[in-house]
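See below for the structure under consideration.
Read-outs throughout are calculated quantities, based only on the coordinates presented, and are distinct from any laboratory measurement. Note that the coordinates shown come from a computational prediction; the quantities given were computed from them, not determined experimentally. Positions of Cβ are generated from backbone atoms using ideal geometry, with glycine treated the same way; all protein chains shown enter the neighbour counts.
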Amino acid sequence: MNPTYQLVCPSCGLRFPDEYNLTCPSGCTGLIRAEYTTSQLSIRDLPGLFRYADWLPVTGHLPTRSAPICYKSTALAGKLGLTDLWIVFAGFWPERSAYVTSGSFKEFEALPTMVRLAERAKGVILVASAGNTGRAFAEVSSKTGKPVIVVVPEKARDRIWTSTPAEHLLLITVDGDYTDAINLGNTLCTLPGIYPEGGAKNVARRDGMGTMMLEGAVTMKHLPDWYVQAVGSGTGGIAAWEASMRLVADGRFGSDLPRLLLIQNEPFIPMVNAYQAGRRDIIADDMKNPKEAISRVYADVLTNRAPPFGIPGGVYDALNATKGVMTTATSDEAKAAGELFKDIEGIDLDPAAAVCVAGLIRAVKSGIIKPDESILLAITGGGYERIHSNIPTSVHTPDLEVTQDTGSESVMQFVKEWVSRYA
Ligand SMILES: *Cc1c(COP(=O)(O)O)cnc(C)c1O
Ligand SMILES: [Zn+2]
């Protein structure tokens, strides 16, 4: 069978077959990409977002109804005086055929990532997360029976709920913050048979998120002038840029890359500060008093302290290549924008998506975006109220609660034994 894609390193140009690599085998630092044999996208007759399997680094698929949906806005567009505003929605909204039961576009990352791992390596995936990512992987695990290890800070334990009981989920809580969860996750990934999900470095995560742009362009029948998204790591912005390069190469969607408008939630805005200062690197001054700043944001999924910003092929390059703009929204603006969206478009938003709407409003008011430009507004999560009233969700009880007193040997032993069931 001919492979449908290979991996390519944008730094040294090396092309190589996928062995679940997260980096270039020659040691380059840039983000490796998937290069697909099919240069013209066809919509496949496959479930959920696997209809975009032409441009996902997988050969198989999973049974799912999860996919982005896109429609042209009249209510919000009218309110803001915009003539060509399109909404691409990731979440749960049955009236619009949106069935993302974990509620956010992290599920578009989890689905192809779990297929890619199963096809390219033998082992169990590990995710360290403070919320939406962990829940998305838990949800895919609950629906497919594929094992996953999720490590979260103790405070985030209630965020790991699923629409079906997650019987193949190992949930570990850490008495500490997100960084402590990441550190424990890294240690556990040294055990044989455990693979890190890799964040922005994972081509399956990026190309899964890139389906937001694909769905938008296919529905609009053209690439938009702007792609608007709230960012924490910026991976969604990188993914949108990469997807739009493929759509330009396809030839049927126009020849101009959409400009990225990426938004962070004040007062934690490291990427905005670095980009507006024209710096490829985020410096300490870009995130003064991070703990205090993070405690004041409305959308804590947007508070990544080590985003893939300056890395070759990262957020800085994506912004530069697309004549992109970064802006901010305050927590109050975001709350008001979330209320407005719910009132007039008719669905509740994830706080991060509310930040995105607030950022759009600012950009229109300040003239960055012109009223007649075509806009693809990425609503990256929403419909939680509908999920909780329509679906009996269950919160997963932690399988292991790690405290300061837990010996690392006993943690390793526990996890090793759990993984051996799936080896
Ligand atoms: C994670 C997340 C984001 C930010 O994603 P990036 O990786 O920074 O692009 C935005 N909205 C929601 C709902 C999220 O869960
Ligand atoms: Zn390389």
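Let a ≥ b ≥ c be the square roots of the eigenvalues of the Cα gyration tensor of the range 290-408; is it rounded (a/c under 1.5), or, if not, prolate (a/b larger than b/c) or oblate? The shape class here is oblate.
The convex hull defined by the C-alpha atoms of the range 250-318 has an orientation-averaged projected area of 5.9 nm².
Lysine pairs in the range 13-170 whose alpha-carbon atoms fall under 22 angstrom of each other, counting only those eight or more residues apart or on distinct chains, come to 5. With a ≥ b ≥ c the root eigenvalues of the C-alpha gyration tensor of the range 113-184, is it rounded (a/c under 1.5), prolate (a/b larger than b/c) or oblate? Because a/c hits 1.5 or more and a/b fails to exceed b/c, the range 113-184 counts as oblate. Beta bridges from DSSP with both residues in the chain: antiparallel share about 30 percent, rounded to the nearest 5. Only Cα sites of the range 46-142 enter the Debye sum here, all with the same form factor; the resulting log10 I(q)/I(0) across q = 0.21, 0.24 1/Å is -1.04, -1.23, listed in q order. Each listed q (0.17, 0.20 Å⁻¹) maps to a log10 I(q)/I(0) for the range 56-109, found by the Debye formula over equal Cα scatterers with no solvent: -0.63, -0.77.
Distance between the 7 Å Cα→Cβ label points at S255 and A75: 4.0 nm. Footprinting exposure proxy ranking of D317, D180, fewest other C-beta atoms within 10 angstrom first, gives D180, D317. Note that the range 37-47 has calculated 3J(HN,Hα) couplings of 5, 7, 9, 10, 6, 10, 7, 8, 8, 10, x Hz, one per residue in order, obtained from phi through the Karplus relation 6.51 cos²θ - 1.76 cosθ + 1.60 (θ = phi - 60°); glycine and proline are x.
Helical runs assigned H by DSSP (4 residues or longer) give the chain a calculated mean residue ellipticity at 222 nm of -10500 deg cm²/dmol, each run adding -39500 (n - 2.57) before division by the residue total. P(r) for the chain: what percent of alpha-carbon pairs falls in each 10 Å bin, starting at zero? In whole percents, the pair-distance histogram is 5, 23, 34, 27, 9, 1, 0.
Principal axis analysis of the Cα atoms in the range 285-349 yields extents of 41, 31, 15 Å, listed in decreasing size. Could you tell me whether the range 130-249 comes out rounded, prolate or oblate from its Cα gyration tensor? Rule is a ≥ b ≥ c as square roots of the eigenvalues, rounded for a/c under 1.5, then prolate if a/b exceeds b/c, otherwise oblate. Prolate, because a/c is 1.5 or more and a/b exceeds b/c.
Electrostatic bookkeeping for D175 treats Lys and Arg as +1 and Asp and Glu as -1; over the other residues with beta carbon under 14 Å from its beta carbon, the sum is -3. Think of it this way: in the chain, C12, C70, C189, C356 stand alone, with no other Cys Cβ under 4.7 Å.
Here the extension length gained between E35 and F414 equals 132.5 nm, from 0.36 nm per residue of separation less the Cα-Cα distance.
Note on S26, S374: ascending count of other Cβ atoms within 10 Å places them as S26, S374, the fewest first.
When the Debye formula is applied to the Cα atoms of the range 1-110, each taken as the same point scatterer, what base-10 log of I(q)/I(0) results at q = 0.15 Å⁻¹? Treating every Cα as an identical point scatterer, log10 I(q)/I(0) equals -0.83.
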